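The next block holds one structure in the form of structure tokens; read it before the comments.
What follows draws every value from the coordinates through simple rules; no lab data is involved. Every value quoted in this text rests on a predicted model; they were computed, and no experiment measured them. Note that each Cβ is placed from the backbone with ideal geometry, even for glycine, and that neighbours are counted across all protein chains shown.
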């Protein structure tokens, strides 16, 4: 089984992919993890990616596709994979189609997690963590029990990621709508697309995704 999760940053793709992978015995694949693993393993494609990554440059699509093609052939992927954060562009989607066709595999479902933009901004920009133990919190959804005191270690220093600032989150959304949202129309026309509201509780969203996957499996 091959699944793709689509959605803007903060929509919950990573959380849902992790839970779905555990339930279904699938492997969650992210491009970053695949690239780092290929470089560490010294594969042919990984050797091409290494100098590019060391310079902090964007790895070309053909290398990413090559690493994906290698990865899905490994034994742990025999039950299937969930692609989290890939493809990001129409060119990558087309290249993925070619890889799957060549390997006589099919894309079972593309699941779009739909979330209101301002909710996304609130979700991401409200995140912070303990500077000492790394425990995660949120201004609205998971504040510390005692103001400015970590629940886990009682430290009083906290940090926020710079790229979680509201203006940065909106800039990331702009990139998503410009580069990735065209995939929604692409997969709709292919008949693969399923839309799930990401506004509900994690368990509710997971149940909706599970229903789609069960239908795709039938």
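What FRET efficiency, computed as 1/(1 + (r/R0)^6) with R0 = 25 Å and r the Cβ-Cβ distance, is obtained for residue 119 and residue 184, rounded to the nearest 0.05?
Numbers: r = 18 Å, r/R0 = 0.73.
Calculated value: 0.85.
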Pairwise Cα inverse-distance average, inverted: Kirkwood Rh of the chain (Å)
18.9 Å
Fewest-first ranking of 159, 72, using other Cβ atoms within 10 Å as the exposure measure
159, 72
Sites residue 129 and residue 77, calculated FRET efficiency, Cβ-Cβ separation with R0 25 Å, nearest 0.05:
0.20
Cα long-axis angle, helix 31-41 against the chain (0 to 90 degrees, to the nearest 10):
70 degrees
Mean separation of Cα contacts under 8 Å (at least 6 apart) over the residue count of the stretch 105-218, i.e. the relative contact order in percent, is 36 percent
So how tilted is helix 166-175 from the main axis of the chain? Cα-based, degrees 0 to 90, rounded to 10.
10 degrees
Isotropic mean projected area of the C-alpha convex hull, the stretch 120-218 (nm²)
8.5 nm²
Give me the one-decimal nm value for the distance between modelled label points at residue 36 and residue 138, 7 Å along each residue's Cα-to-Cβ direction.
2.4 nm
Which ordering of 138, 194 is given by a fewest-first count of other beta-carbon atoms within 10 Å?
138, 194
Taking the DSSP beta bridges in the chain as the whole, what percent of them are antiparallel, to the nearest 5?
30 percent
Kirkwood Rh and Cα Rg combined as Rg/Rh, the stretch 101-147:
1.31
Averaging sequence separations of C-alpha pairs under 8 Å and six or more residues apart, then dividing by the length of the chain, give the relative contact order as a whole percent.
27 percent
Which of 177, 187, 137 has the fewest other C-beta atoms within 10 Å, and how do the rest follow up to the most?
177, 137, 187
Work out, step by step, the length gained on full extension between residue 99 and residue 210: first 0.36 nm times the residue separation, then minus their alpha carbon distance; give nm to one decimal.
37.4 nm
Any chance you could run the full-extension gain for residue 175 through residue 162? It's 0.36 nm times the residue separation minus the Cα-Cα distance, nm to one decimal.
3.0 nm
Hey, with R₀ at 35 Å, roughly what FRET efficiency would residue 197 and residue 148 work out to, going by the Cβ-Cβ distance, to 0.05?
0.55
Rounded to the nearest 500 deg cm²/dmol, what is the calculated helix-only ellipticity per residue at 222 nm for the chain, with -39500 (n - 2.57) per DSSP H run of length n ≥ 4?
-14500 deg cm²/dmol
In whole percent, what relative contact order does the stretch 108-166 give with Cα contacts below 8 Å and a gap of six or more residues?
35 percent
